[in-house]
Amino acid sequence: MKVKVLCRNPQDYLRQRTTDIHKVPRNLDPALHPLEGPREYVRALNATKLDRVFAKPFVGSLSGHTDGVYCMCKHPTKLSVLLSGSCDGEVRIWNLASRDCTWSFVGHEGFVRGLCMNQDGSLFVSVGEDKLIKQWRYPGAGESQEDYAPVATILGKSVYLGIDHHWSKPVFATCGDRVDVWDQSRSEPIRSFSWGVDSVGCLGFNPVEHNVLATCGSDRTVALYDVRTASPLRKVVLEMRSNSLAWNPTEAFNFTVANEDSNLYTFDMRRLDKALCVHSDHVMAVLGVDYSPTGREVVSGSFDKTLRIFRVDEGRCRDVYHTRRMQRIFCVRWSLDSAYVLSGSDETNIRLWKAEASRTLGKLSGREAVAREYTEKLKEKYKHHPQVRRIARHRHVPGMVYRAAKEKRLVTEAQRRKRRNIERHSKAGTVDEPSTKKKHIVSVVE
Amino acid sequence: MYSEEAEEKKERIQAREKEQEDLAMSLGGTRDLVEKYRREKHRARLKGIGDRRLKRHLRKGEKEREQASRTAARMELLRQEVVGGLEAEGMEQTRRFRQEEIAAAVPVATAAQYFNLCLDTFGPYSVDYSRNGRCLLLGGRKGHVAVVDWRSKKLTCEFHVHETLRDVQFLHNEMMFAAAQKRYLHVYDSTGMELHCLKQHLLINSLCFLPYHFLLVSASERGSLHYLDTSTGQLVAEHKVRLGPLRCIAQNPHNAAVHLGHVNGTVSLWTPNIKTAQVKMLCHRGPVMSVAIDKEGWSMVTAGMDALVKVWDVRTFKPLHSYRSPRPALALDVSQRGLLAASCGRLVQVWRGGLRGRSEAPYLQHSLSGDGSSLQFVPFEDCLGVGHSSGVSSLIVPGAGEPNFDALELNPFESKKQRREGEVKQLLEKIPAELITLDADDISKVEQG
């Protein structure tokens, strides 16, 4: 007779010393793991709940300004440096890691309307309500604040409302009455654009096609220019004015505008007749927008005192940040390591938030990283189940925002119902409802 | 240019197929090995999808899952233990081998797995093993209860309840167990201290525990089926079965459905969510004495008073085989590796390969010193525990147990700290009773159309 019986040596399964970790032999055979579906569903539900428990996005605030923070500028190569300009003309340079101000000076009389830095961070330019454009050198280690003065000052003919720097050449563009393109060494603009009679509020250079410039005008247009040519490219007219604009750093033919009608519109610059996506979750005008360096998400700050993070291809927000102390948000920035979001608001503070509210900061150990990957995948797999979706979507929001959002929802539902009724009771083909992506666009002008 | 691309593509396909063959050969098996780990049995049809981004995303997901199945199949190389077995040489037959001969031929440590506990005073015994196979719980009909670590023969607790005891069942681990006594259901601690006396459960005949849902299922003489949540103490469901007294109960580990055997020869399937039976099958002429289901939920074995042991496909509810037993089998169990054990009077028969295909003769046989009343295979061991009227016997059955356990699931060698951590994790991942359906994968499916 040949017989073999299972005989386990306990030494193979028990640890030798109390300082060792326990031995954990694995067998992935599905026969040993019954009821996989329901068990994973329960784990996904628990993971979603824990997400909400650990969602503490506020990291800290940078306080020091004495009036509302109007504009911010990121340093292109240093992650911990931030420049901000306030409504009383002061410009401050902050260290984000220690959250204190390293440099401050009075830049302008009146609002500092825009700040931009050149591509290596050695020079930055500020524009203000006093019609001045000032170029400053980024302060080095041993400099004293008393002798700090601009490298060059240019007096313009009208108030400047915004500025942006070219991504490769020593060129920057300002906007106000019209769009002016300046060379760093000249005191007269090298090119001027003016299309329509109203003022231009905001502009941005394309990060990949460096010569393309997008502007938002107060005649409800978003216009595209090429700085090499004398004539503009094309523009799209929306229903309301756009306050701010940001280009997608990875898919640089796409840009997002923050509109007065509480929506954000993402456009493909090649096809301006249809928005790629309409992001609608704010209840009041959206004042600031910025892209994540991954190009997948967008942060927006609005007049309704909330900060929202949207995914580029989704119309509803992924997350909303608010505090009782934070008032109207003027500008937002996404840090270049894609982990933090900054908001500059009316009550003189700049707040630092985590981009993902429940993510632990810092390096995770091997096991923690594996566990996090597993829970992320589980949440993604079961995100459509009603219980999981209900918990994942739930956010506390200030009372005013909640009531306004409820009213907005009722109004849009009523409009949709009425339109559907008209369509149902009319002859087929006579009534044509435009899609949401085209509805808000009035016209495209070449 | 085009033909070059086509050639390159062909080469790539050939290289991939060769890699699959190599993997199959290196694992010593066929492509079936990867198939075992593949959760989706059919490839999704992505042809009709217009959205290119969605199509790309789905295709990427498919590739990742295929990679995961291959990696899981490759992990089989890391297995430490090998399945046991018994082979007869020449003219010998395996069923003629006696337990004493087998015990003499195996190492001393394993030979100690064959033992007999002579306890003739307190009547036929019910046996239950804890989920990881460490502890043995025996309950005598006349009221004797003991919890033993059967390997070291160390007695954890022993006491007498002084009334009829019909069934005993461990709960989620060896720290708590339930005893169906004369009138009520009692829950005890591993030290023998009575924790609960559940007066809502009257005249319980048999017990069964659903480990992933923390549900204690009890079948009563009055024909009602109770589902008790042992983590919260809530009675989740109480069904009036209306098919006579309920004596025979078994659970399907694959989908947590409960099978009841009735006096009129039918077997009915129950879930806590629906007030009527999900399925009723006519199995035997005469009462059904015992039901057992294999661990993966493919086959059900029923034994009736007509001395037949029948095998059914539990997914399609069709009959597969039937065997004749010398006496009606009062207890049945299926091991982790698919061996079937039946106790017919004083004889215990073990059949190998009798579920998927038909086997002509039993694999092993053993004569007990009393009439067998209850039996259970020990998880992860080549051992079978039988409770009979003269006590409890433990038999060596080579090839019954799963050799490689997954420590994150059930660990026979767990320390006290691991047991406590495991208990907390089990409670956190407790599946709500509403999710029990006959189709276990229902929750991960997408409705078509």
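Here are some notes:
- Residues in the stretch A:275-302 that are surrounded by fewer than 20 Cβ atoms within 10 Å (Cβ to Cβ) and either aliphatic (A, V, I, L, M) or within 16 Å of residue A:242 (Cα to Cα) (or both): A:276, A:278, A:284, A:285.
- The residues on offer are A:102, A:77, and the sole one that is surrounded by fewer than 19 Cβ atoms within 10 Å (Cβ to Cβ), in a strand (DSSP E or B) and free of Cβ contacts under 8 Å to residues at least 60 places away in the same chain is A:102.
- Residue that is farthest from the other protein chains (Cβ to nearest Cβ), among those in the stretch B:65-92 that are exposed (fewer than 11 other Cβ atoms within 10 Å of the Cβ) and not aliphatic (A, V, I, L, M): B:67
- Residue in the stretch A:141-159 that is within 30 Å of the chain's Cα centre (by Cα) and among the hydrophobic types (A, V, I, L, M, F, W, C) present: yes
- The set of residues from the stretch B:154-188 being assigned to a strand (DSSP E or B) and more than 23 Å from the chain's Cα centre (by Cα) comprises B:154, B:155, B:156, B:157, B:158, B:159, B:160, B:165, B:181, B:185, B:186, B:188.
- Qualifying residues in the stretch A:162-213 (those that are hydroxyl-bearing (Ser, Thr, Tyr) and without any contact (Cβ under 8 Å) to a residue 60 or more places away in the chain) - the one nearest to residue A:111 (Cα to Cα): A:199
- Scanning the stretch B:38-87 for residues that are among the small types (Gly, Ala, Ser) and within 30 Å of residue A:10 (Cα to Cα) turns up B:72, B:73, B:84, B:85.
- Residue count for the stretch A:30-41, restricted to those that are surrounded by fewer than 18 Cβ atoms within 10 Å (Cβ to Cβ) and not in a helix (DSSP H, G or I): 1
- Some residue of the stretch A:157-165 being of a type in the set (A, V, I, L, M, F, W, C), loosely packed, with under 14 Cβ neighbours inside 10 Å, modelled with pLDDT of 90 or more and not in a loop (DSSP other than H, G, I, E, B): no
- Pair list, Cβ < 9 Å and 6+ apart or interchain, from the stretch B:294-306 residues that are more than 14 Å from chain A (Cβ to nearest Cβ) to residues that are assigned to a loop (DSSP other than H, G, I, E, B) and among the hydrophobic types (A, V, I, L, M, F, W, C): B:300/B:283; B:300/B:314; B:300/B:317; B:301/B:355; B:302/B:283; B:304/B:283
- Selection count where residues are in a helix (DSSP H, G or I) and in contact with a helix residue (DSSP H, G or I) (Cβ under 8 Å, 6 or more places away or on another chain), scope the stretch A:360-375: 1
- Check on residue B:170, in contact with a Leu (Cβ under 6 Å, 6 or more places away or on another chain), surrounded by 14 or more Cβ atoms within 10 Å (Cβ to Cβ) and within 18 Å of residue B:426 (Cβ to Cβ): yes
- Test for residue B:325: is it hydroxyl-bearing (Ser, Thr, Tyr) and in contact (Cβ under 8 Å) with a residue 60 or more places away in the chain: no
- Filter result (under 16 Å from residue B:266 (Cβ atoms) and under 21 Å from the mean Cα position of the chain (by Cα)) within the stretch B:294-317: B:300, B:301, B:302, B:303, B:304, B:310, B:312, B:314, B:317
- Taken over the stretch B:93-136, the residue count meeting the criterion of being part of a loop (DSSP other than H, G, I, E, B), at the interface with chain A (Cβ under 9 Å from one of its Cβ atoms) and of a type in the set (A, V, I, L, M) is 1.
- Residue match in the stretch A:405-421 (condition: in contact (Cβ under 8 Å) with a residue 24 or more places away in the chain and closer than 30 Å to residue A:59 by Cβ): yes
- Residue check, residue B:353 more than 11 Å from every other protein chain (Cβ to nearest Cβ) and at positive phi: yes
Residues checked against (1) within 17 Å of residue B:412 (Cβ to Cβ); (2) of a type outside the set (Lys, Arg); (3) more than 7 Å from every other protein chain (Cβ to nearest Cβ); (4) touching a Pro at 6+ places or on another chain (Cβ under 7 Å):
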site	(1), (2), (3), (4)
A:5	yes, yes, no, yes
A:8	yes, no, no, no
A:12	yes, yes, no, no
A:42	no, yes, no, no
A:47	no, yes, yes, no
A:53	no, yes, yes, no
A:56	no, no, yes, no
A:62	no, yes, yes, no
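- Single condition residue A:345 does not satisfy, out of (1) surrounded by 24 or more Cβ atoms within 10 Å (Cβ to Cβ); (2) under 14 Å from the mean Cα position of the chain (by Cα); (3) of a type in the set (S, T, N, Q): (2)
- Residue within the stretch B:154-164 that is of a type in the set (A, V, I, L, M, F, W, C), surrounded by 15 or more Cβ atoms within 10 Å (Cβ to Cβ) and either under 13 Å from residue B:389 (Cα atoms) or in contact with a His (Cβ under 7 Å, 6 or more places away or on another chain) (or both) present: no
- Among the residues of the stretch A:42-59, just one is under 19 Å from the mean Cα position of the chain (by Cα), surrounded by 13 or more Cβ atoms within 10 Å (Cβ to Cβ) and not hydrophobic (A, V, I, L, M, F, W, C), namely A:57.
- Within the stretch A:299-355, strands (runs of 3 or more DSSP E) holding 2 or more residues that are among the polar types (S, T, N, Q): A:340-345
- Among (1) assigned to a strand (DSSP E or B); (2) over 30 Å from residue A:190 (Cβ atoms); (3) small (Gly, Ala, Ser), the one test that residue A:295 misses: (1)
- Matching residues, the stretch B:225-273, being part of a loop (DSSP other than H, G, I, E, B) and in contact (Cβ under 8 Å) with a residue 60 or more places away in the chain: B:231, B:254, B:255, B:256, B:271, B:272, B:273
- A residue that is surrounded by fewer than 21 Cβ atoms within 10 Å (Cβ to Cβ), more than 17 Å from the chain's Cα centre (by Cα), assigned to a strand (DSSP E or B) and at pLDDT below 95 can be found somewhere in the stretch A:234-242.
- Residue match in the stretch A:20-28 (condition: modelled with pLDDT of 95 or more, more than 10 Å from every other protein chain (Cβ to nearest Cβ) and in a loop (DSSP other than H, G, I, E, B)): no
- Tally, over the stretch A:80-99, of residues that are over 26 Å from residue A:164 (Cβ atoms) and surrounded by 15 or more Cβ atoms within 10 Å (Cβ to Cβ): 1
The values are calculated or read from the model by the stated rules, or taken from the named source; none is laboratory data. All figures in this text were calculated on a predicted structure; none of them were measured in a lab. Neighbour counts run over all protein chains shown; Cβ positions are idealised from the backbone, glycine included.
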